[in-house]
C-alpha cells in the first residue's frame, strides 16, 4: 500500500472516529490533517461571523446564543474540565407515561477541549481512590470517561475577562441521544423503534448563573404506546438541567442503616481493606456554622447557618393554600433546633414579575414548591445532589392540584366516623389547609434527605391512639415520614383525639444525626460520635427506622398505611368505623342536582381501606421482624412473629373477610352506582387475600420458622389446616352454602391447583435489588406434599358432607369441588 492510499485511509478514519492516526509523524502533516478536518465540519471562523448582531443572547453559566434556528454555547475557558451534573426529567407527558418531574437519568459531565473539537464526557464517581495512592492510577485506567457527544469548534471569543469557545448544540438535544432522553426500560416497554425527527424539536435553552435549563420535545415511534395508540407513537417534553458542581465538595457524613436516609455509594479502592469496599454517604444540605458563631454553638446555643435552606412558593399556587404550604415547610424548624440551628429552613413567596422579572423556578439557586395543574393525585419531593459528597444543591417539590382529592378521600374514609369535619365531599378551607400542611411537611422531609420510615407507627400502642392527651402530645406516629395517614383507630367515645402525625421525636433525632455539625473532625473521625447518638436510643421503638418494602411484605411492623403495634386490634377498630360510615354514606355525600359520582368514589375508598386492613393482618402470618443492629448491640436482627400473633391473624381473616362481610353489601348504595358487581367485588377481595396467604415466599418462611424454632412455631401445616377448616366450616353441618362462600371455596381449590402445578416465578433482573421475596424450590420443598395432603383431607370431608340434606345448588357445588380435586390429584395423561 503506497503512502497516498495510507494517508487517504487514515483521513477517512479520522473524520469518522475523531482519533489520531499513527502514520502522521511530522507536525506539518498533522496540521494539514486538522485543517482538512476543520473544513469538513466548517472552518473555525471569526467570532462576529458566527455570532452576529441578530443573535439573541442569554448570559449565565455559559452564554447561550440563538441564531437562524440554531443554539450555540459560548463556554468560558475557566469552565472546561469542571464537573457538572446533568439531570434529565420528564417535564410534560401524556396519560400512562409517568408524571411531570419524573427523573429519567442523572450523570456527571465534563466539557473538554481537544484539538479543534469540544468533547462532552461522562464522569463516573462510582469507583474511586485518593490521588495520593498508587492504586489511583489503576482506578483511572479502569474508569475511562466515555464521550457522550463531540462538537466542532465554531469560533473563539477573547475579551478582557475570559476566553471562550463557541460550539453549536442544537443536535445534542435535537437528535436521539439516549442519555438525555427517556429511560431504556420505557423504550423496551413501549416498543420504541426510533425518534421521529419531524415531530421532535428543541424548544428552549435558558442560562442561569449556576445552571442551564433545556426543554425539548421528543416523539418516538412506538408499537405499544400506553395511550393515544392510534398515533403509533409517544411524545414527551423533556427537561435537562445542567448544574455546575462546587469546586470544593462538602464534607461527607457516612450512612448507617439504623437511621433512615437517602444515600449514595462509591467503591473505594484506596481504603485499608483486603477487598474493594463500598462506602455510603448521606444526601443532605450544606448547613455550616459561621466562624463568628462557633463559640456559641459549642456552648449549646442555637445559631443561624451560613446559608439557610429556603423554599419559594410557586406563583401559580392559589393564594389561600400558600400559608399552609409554608407552615409545612417551617414545621421542620423544631427538628433543626435539635441539630443546633435556628431559622435553618424558611419559606418565602416567589417574587412577582414586577419585583423580579428575571426570577425563574428553573434557576438552580432557588428551591421551589411547584404547583402543577394536573389530574395526578400526588405530590413528590425530589432533590439534586452532588455525587461526590451528597450535598443537596436544589430541590423542587412537585405539588399536583389533585392531591386535594387524595387528601379528601383519606381523611373521609379514615376519620368521618368520629369527625364531623370529614363528612362531605368538600371540606372547609381551614380543614383542607391543615391537610395540605401535613403533606407539605412530609414532602419537605424527603427533600431534606429522609426516606419513608414505615417502622415508625408501630412504636405506639393501639390503645394510646384512642387517648386524647397522648395523641395531642405525640401525634399518631413518631415520624411524619411514615405512611401513617389519619387516626382510623379512635372511636366516637374517645373525645378530641389528634388525627394525624406531626414532626415527631424520630424526625428530630434523624435531623440531629444527619445535620448537627461535628466540628474539627473528619468524616471518618466523626463516625464514632454518630454511633454513640444511635446507641443512646437503641431498643426504643420510637427511634427505630423501618424501610419501605417492595414486593412482598415480610416485616409486618414496617408496613404502609398502618397504625399501632397490633394490626389485628387496629384493624378491628378501623372496621368498626367503616361500619359506621357505610349506612351514612348517601347522606354524607348528597347534594341536590348532583349525580352519584362522589358516592361511587367514596364507596370505593371504603373498600380500599378495608382491603388495607386485610393486608396489614395477613403480613403477620409468616412474618419476620427486621431490627437493624451492629456487632456492639445484643439480640437478633431477624425474628419470626410469635405463634400467638399469627394465630390471631388467621382468626381475624376468617371472621372479617372469609365470612362474608355483609355490612359492606348496602343495596341502597348499589342501586345508585351500578347495575351489578357486588358479588364479583366480594370474590375479588377474598381471592386477593387468599392468594396472598398462599404465596410461595410466605410458605417458605413458615417452613423455615418451624424448622428453626421447633414444633412450637407456627408452621406451614398449622396455617394450611386452619385455613381449610375456616373456609369449609359449613361441611360439618347441614347449612346451605351461599353464593359468596361457594365462590371463595372454588377459589381455594383453584389456588391449591396453582400451588401443585407451578414454580415460583423469576424476578426480572432489573428489579432484583428492589423487590423483597423469600425464594424456594417448590418441587423439592414441603409445599406440594402439604397441599396434596390438604386436598385429600378436603376430599374426604366433601364426600361425608354430601350425605347431609342440602339445597340443590349446594349439592352441585360440592360435587363440582370433588371433581376439581380429583383432576388435580389424578390428572389425566
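The values are calculated or read from the model by the stated rules, or taken from the named source; none is laboratory data. Bear in mind the structure is a predicted one, so any value in this text is a computation, not a measurement. Neighbour counts are summed over all protein chains in view; Cβ atoms, including those assigned to glycine, are modelled from backbone coordinates with ideal geometry.
Observations on the model:
- The listed residues are 182, 212, and the only one of them that is at pLDDT 90 or above and closer than 30 Å to residue 62 by Cα turns out to be 212.
- Scanning the range 708-729 for residues that are modelled with pLDDT under 95 and assigned to a helix (DSSP H, G or I) returns 708, 709.
- Note on the range 51-91: residues that are surrounded by 15 or more Cβ atoms within 10 Å (Cβ to Cβ) and either outside the structural domain of residue 164 (by TED's automatic domain parsing) or part of a strand (DSSP E or B) (or both) total 22.
- Screening 766, 751, 784 for residues that are at pLDDT below 95, part of a helix (DSSP H, G or I) and under 37 Å from the mean Cα position of the chain (by Cα) leaves exactly one candidate, 766.
- Residues that are free of Cβ contacts under 8 Å to residues at least 60 places away in the same chain and assigned to a helix (DSSP H, G or I), drawn from the range 790-808: 791, 792, 795, 796, 799, 808
- Given (1) over 32 Å from the mean Cα position of the chain (by Cα); (2) more than 15 Å from residue 610 (Cα to Cα), number of the condition residue 701 does not satisfy: (1)
- Meets criteria (closer than 25 Å to residue 86 by Cβ, surrounded by 18 or more Cβ atoms within 10 Å (Cβ to Cβ), in contact with a helix residue (DSSP H, G or I) (Cβ under 6 Å, 6 or more places away or on another chain) and not assigned by TED's automatic domain parsing to the domain that holds residue 215) for residue 390: no
- Within the range 606-626, the residues that satisfy the criterion of being within 22 Å of the chain's Cα centre (by Cα) and buried (at least 16 other Cβ atoms within 10 Å of the Cβ) are 609, 612, 615, 616, 619, 626.
- Qualifying residue in the range 221-234 (condition: assigned to a loop (DSSP other than H, G, I, E, B), in the same structural domain as residue 56 (by TED's automatic domain parsing), surrounded by 17 or more Cβ atoms within 10 Å (Cβ to Cβ) and touching a strand residue (DSSP E or B) at 6+ places or on another chain (Cβ under 9 Å)): yes
- Selected residue (criterion: surrounded by the fewest Cβ atoms within 10 Å (Cβ to Cβ)) from residues of the range 397-456 that are touching a strand residue (DSSP E or B) at 6+ places or on another chain (Cβ under 8 Å) and within 22 Å of residue 589 (Cβ to Cβ): 401
- When 556, 583 are checked against the criterion of being part of a loop (DSSP other than H, G, I, E, B) and out of contact with any helix residue (DSSP H, G or I) (no Cβ under 6 Å at 6 or more places or on another chain), 556 stands alone in meeting it.
- Filtered by the rule that a residue be within 15 Å of residue 398 (Cα to Cα), in contact with a strand residue (DSSP E or B) (Cβ under 7 Å, 6 or more places away or on another chain) and assigned to a helix (DSSP H, G or I), the range 311-349 gives 322, 325, 326, 329.
- Scanning the range 810-819 for residues that are touching a residue at least 40 places away in the same chain (Cβ under 8 Å) and either touching a strand residue (DSSP E or B) at 6+ places or on another chain (Cβ under 6 Å) or surrounded by fewer than 18 Cβ atoms within 10 Å (Cβ to Cβ) (or both) yields a single hit, 816.
- Only one of the numbered conditions (1) surrounded by fewer than 16 Cβ atoms within 10 Å (Cβ to Cβ); (2) at pLDDT below 95; (3) assigned to a loop (DSSP other than H, G, I, E, B) is not met by residue 307, and that is (2).
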